[in-house]
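Please treat every number below as a calculation from the coordinates, not as lab data. None of these values were measured; they are calculated from a predicted model. Cβ coordinates were reconstructed from backbone atoms using ideal geometry, including for glycine residues, and neighbour counts include every protein chain displayed.
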Amino acid sequence: MKISWDTAPVFLVRLMVGSVFLSEGIQKFLFQEALGIGRFVKIGIPAPSLMAPFVGGVEIVFGSLILLGLFTRLAAIPLTINILVAIASTKIPMLFNGGFWKMAHEARVDWSMLLGLICLLLVGGGRWSLDERRHAEAENTPGARSSS
């Protein structure tokens, strides 16, 4: 099997992005004081009792979809919003209060997630994804239109 730009590299981006969001979503429920409701109270997110479980659920559901490569581009949209809010609510204040290098150190995972999500928005789930399988099955369905 030939490995090209849309096989292993895209799979690895999906693995990185999906596993981080899935893990972070689960941890918002397991460690509510440190990473869930308590954290949302500390950083000033409105309605933390509602928003922390909501965000945790979003991270679990859409992180799982990214891992599977199912509706990859669609799943990347709410996670992109999620990471932009995280950067705006935690890293931008850190820039002003702690300086560039403190913010740069703390933002490394957020920055990686944002770039990974942008990559997935641009290229989709790649060949090793359920998106690819769905697309191939749709093309083999009698009566399906050819895209060429």
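For region 8-128, relative contact order (Cα pairs under 8 Å, six or more residues apart, normalised by length) works out to 32 percent.
Listed values for region 95-112 are Karplus-derived 3J(HN,Hα) couplings in whole Hz (6.51 cos²θ - 1.76 cosθ + 1.60, θ = phi - 60°), namely 4, 6, 8, x, x, 4, 5, 5, 5, 4, 5, 6, 8, 4, 6, 4, 4, 4, and x replaces Gly and Pro.
The angle separating the long axis of helix 48-68 from the principal Cα axis of greatest extent in the chain is about 30 degrees. For region 114-127, the Karplus equation 6.51 cos²θ - 1.76 cosθ + 1.60, evaluated at θ = phi - 60°, returns couplings of 4, 5, x, 5, 4, 4, 5, 4, 6, 10, x, x, x, 5 Hz by residue, with Gly and Pro reported as x. To the nearest ten degrees, helix 130-140 and the longest principal axis of the Cα atoms of the chain are 20 degrees apart.
Note on PHE96, PHE62: ascending count of other Cβ atoms within 10 Å places them as PHE96, PHE62, the fewest first.
Where does the chain land at 222 nm, in deg cm²/dmol rounded to the nearest 500, when only DSSP H runs of n ≥ 4 count, each adding -39500 (n - 2.57), divided by all residues?
-23500 deg cm²/dmol
Can you figure out the FRET efficiency of CYS119 with VAL61, using R₀ = 25 Å and their beta-carbon distance, to the nearest 0.05?
Working: r = 20 Å, r/R0 = 0.81.
The computed FRET efficiency comes out at 0.80.
For the Cα atoms of the chain, what angle does the longest principal axis make with the long axis of helix 8-30, in degrees from 0 to 90, nearest 10? It works out to around 40 degrees.
Would you check the chain for Lys pairs whose C-alpha atoms are within less than 29 Å, ignoring same-chain pairs closer than 8 in sequence, and give me the count? Mind showing how you got there, number by number?
Values: LYS28/LYS42; LYS28/LYS91; LYS28/LYS102; LYS42/LYS91; LYS42/LYS102; LYS91/LYS102.
Qualifying lysine pairs in the chain: 6.
Does region 1-119 come out rounded, prolate or oblate by the C-alpha gyration tensor, with a ≥ b ≥ c the root eigenvalues, rounded set by a/c under 1.5 and, if not, prolate when a/b is larger than b/c and oblate if not? Verdict is oblate for region 1-119.
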